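The values are calculated or read from the model by the stated rules, or taken from the named source; none is laboratory data. Quantities reported herein were computed from a predicted structural model and do not represent experimental measurements. Note that each Cβ is placed from the backbone with ideal geometry, even for glycine, and that neighbours are counted across all protein chains shown. In case anyone asks, the SASA skips ligands and DNA or RNA and just uses the protein heavy atoms, side chains included. Shrake-Rupley method; radii C 1.70, N 1.55, O 1.52, S 1.80 Å.
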Amino acid sequence: VQLQASGGGLVQAGGSLRLSCAASGSIFSFNPMGWFRQAPGKQRELVAAITRGGITNYTDSAKGRFTISRDNTKNTVYLQMNNLKPEDTAVYYCRARVASSGFEYWGQGTEVTVSS
């Protein structure tokens, strides 16, 4: 399975972006799926995750601003990001974990730049 992340770009502070992570195959077996980000000089961190059943969790900085969702019929996971801040600037990666084995697939990353 390959994961293709898209939707990144340059946006002003306060703006919005919607990231998409499209899988080449069914995402039904992935539990959970998540979005991570890595800013320059920093470690990769979890931003949001969603289980197969739709339970979500977010890092504190994303709560109230970001929404993760998954569409199993389109094999796609989304990250709606509102009220973006300069500190959200990073490369965003999607990850899918196979529920049965724990094996993880990673997308190639999409860059988000928020200007002040």
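Of all residues in segment 61-96, those satisfying the criterion of being more than 21 Å from Lys42 (Cα to Cα), β-branched (Val, Ile, Thr) and touching a residue at least 40 places away in the same chain (Cβ under 8 Å) are Thr76, Val77. Tell me which of these Ser101 doesn't satisfy, since it passes every other one: (1) in a strand (DSSP E or B); (2) open to solvent by 30 Å² or more (accessible area, probe 1.4 Å). Condition not satisfied by Ser101: (1).
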